[in-house]
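Each remark here refers to the structure printed beneath this line.
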Amino acid sequence: MTTDCVVMYTTVPDTLLAKRIAHLLVEEHLAACVNLSPAGLSIYLWEENVEGTEEITLTIKTSSRASLRCQERIVQLHPYDVPEIIILPVLGGHVPYLDWVRAQTSV
């Protein structure tokens with residue numbers, strides 16, 4: 001079973017930006033809820049160098065239909081040249097919660 005809800009992940013370099021993005025996504029009905037996780041270390045290869053950066057992870061719950069607009073908004077607000085944005089389908093869940101996610105992102 002699949003739903004028309006998705007979970008999106010992105011990372012940002014600091015808490016202030018994470019809060020700003022989360023607030024705007026919810027305010028603009030692009031996300032029903034955004035969770036901010038404590039800073040964690042991301043290790044990655046960038047321009048032939050292994051980099052390590054402290055980042056805040058945003059877990060974004062939204063509908064499939066709002067996910068493209070949500071992604072575009074994150075790109076507009078994000079300071080990175082290539083921001084991490086991962087979209088995963090929600091295979092199931094508590095139906096009232098999923099209904100709420102759809103309702104919050106249908107505007």
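Throughout, read-outs are computed from the coordinates displayed, never taken from laboratory work. From a predicted model like this one, the values you see are computed outputs, not experimental measurements. Because the Cβ atoms are built from the backbone with ideal geometry, glycine has one as well, and the counts that use them run over all protein chains shown.
Structure summary
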read-out: Every residue from segment 78-100 that is part of a loop (DSSP other than H, G, I, E, B) and either of a type in the set (Ser, Thr, Tyr) or touching a residue at least 40 places away in the same chain (Cβ under 8 Å) (or both); value: His78, Pro79, Tyr80, Pro83, Glu84, Val90, Leu91, Gly92, Gly93
read-out: Subset of segment 78-92 [surrounded by 15 or more Cβ atoms within 10 Å (Cβ to Cβ) and closer than 20 Å to Ser64 by Cβ]; value: Glu84, Ile85, Ile87, Val90
read-out: Residues located in segment 30-77, provided they are farther than 21 Å from Leu98 by Cα and of a type in the set (Ser, Thr, Tyr); value: Ser37, Ser42, Tyr44, Thr53, Thr57
